[in-house]
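The block underneath contains the structure these notes are about, expressed in structure tokens.
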Amino acid sequence: MAFSLTTWNINSVRLRLPIVEHFLKLKNPDILCLQEIKCLEDQFPADAFRALGYEHIILHAQKGYHGVATISKLPLTEDYRHNYCGVGDARHISAIFERGGRRIRLHNFYVPAGGDEPDRTINPKFGHKLDFVEEMKVLRSDAEADTSSILVGDLNIAPLENDVWSHKQMLKIVSHTPVETEGMMEIIRAGNWVDLMRQNVDPSEKIYTWWSYRAKDWAAADRGRRLDHIWSSPDLGPRLQDIEILREARGWERPSDHVPVTATFDL
């Protein structure tokens, strides 16, 4: 039984609702995980999603900033939000869904971007990001008995050399500094996660999910980064059928700087 799930940092769900609706009509995933929704719960356009068949919606919302939403055709239960770093930001939500007799815990994350200067002594935002990553190291894919796990989101780190347009030029740029990339790899190792986007794609191949607004011609410059991720517990790795990065969405009208990433499984 095919099952598909999409993660997308939408950079304001109300501003970009038309392209979200277009995407859902085009690709029709079972579950859509959004980050940076940038609105309170009562401002979230739930009716628009329900009109497209997404009856089950859970939110961790915040006025004007951050915020994550999981929008599903399948029932969602046991929703939980962890207050990372104890600052009250809306950066995580998780829930249980069932498919093909499997019980699956789905985590939806928006990790702090970290500002521009990769030095926590002069940039508190970078220190916050490193502390957030440190807390994520205790998150295991096998934390619950008889429950598989999927973790998605804008994790704001491009961990491998070919997850950025130039490894050498990006080493001192926030999102690809060694302290960040090593931290992410430790989350994966400690939590027994599988990086599904790289499972069937050789590390020598470039993968991008984000292109800066600052580029005059983003497609021609093609200075991308893989900031958006889909991980799973090891038991779901063999069930992965496909990963699609919808690059064309970066060129849609009033786009996000991130594009949708969809995983399809045989469940």
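Give me the tail of P(r) for the stretch 2-266 as a percent: Cα-Cα pairs with distance above 29 Å.
Across the stretch 2-266, Cα pairs with separations above 29 Å total 25 percent.
Can you give the FRET efficiency to the nearest 0.05 for E161 and A215, using r as the Cβ-Cβ distance and R₀ = 22 Å?
Efficiency for this residue pair is about 0.55.
Determine, for V152, V174, the number of other Cβ atoms within 10 Å of each Cβ, and report the residues in order from fewest to most. Could the numbers behind the result be given before it?
Working: V152 26, V174 21.
Arranged by neighbour count, lowest to highest, V152, V174 become V174, V152.
Work out, step by step, the length gained on full extension between M1 and E248: first 0.36 nm times the residue separation, then minus their alpha carbon distance; give nm to one decimal.
86.2 nm
Which whole-number percent gives the relative contact order of the stretch 122-267, counting Cα pairs below 8 Å spaced six or more residues apart?
Normalised by residue count, the contact order of the stretch 122-267 is 26 percent.
If packing is taken as the mean number of other Cβ atoms within 10 Å per residue, what is the order of 143-151, 106-114, 159-167, highest first?
106-114, 159-167, 143-151
Rank by packing, highest mean first: peptides 214-221, 234-241, with packing defined as the count of other Cβ atoms within 10 Å averaged across residues.
Put in order of decreasing packing, that is 234-241, 214-221.
Using 7 Å Cα-to-Cβ label points, what is the A46/E182 separation (nm, one decimal)?
4.5 nm
Would you mind getting me the FRET efficiency between Q241 and D142? Use the beta-carbon distance for r and R0 = 30 Å, nearest 0.05.
Values: r = 23 Å, r/R0 = 0.75.
Calculated transfer efficiency: 0.85.
Distance check, please: which entries in K168/K216; K25/K216; K129/K206; K63/K125; K129/K172 exceed 27 angstrom between their Cα atoms?
On the way: K168/K216 22 Å; K25/K216 30 Å; K129/K206 25 Å; K63/K125 19 Å; K129/K172 15 Å.
Among K168/K216; K25/K216; K129/K206; K63/K125; K129/K172, the Cα-Cα distance tops 27 Å for K25/K216.
Using label points projected 7 Å from each Cα along Cα→Cβ, tell me how many nm separate R189 and E55, to one decimal.
My value for the distance between the label points is 4.6 nm.
What does the highest-first list of 76-85, 7-16 look like by mean Cβ count within 10 Å?
In decreasing order of mean packing, 76-85, 7-16 become 7-16, 76-85.
Which of the GluC sites (Glu not before Pro) across the stretch 181-234 are loop residues per DSSP, with 16 or fewer other Cβ within 10 Å?
E205
Only the coordinates and a few stated rules stand behind these numbers; no lab work does. In this text the structure is predicted, and so the values were computed from the model without any measurement. Ideal geometry is used to build each Cβ from the backbone, glycine not excepted, and the neighbour counts take in all protein chains shown.
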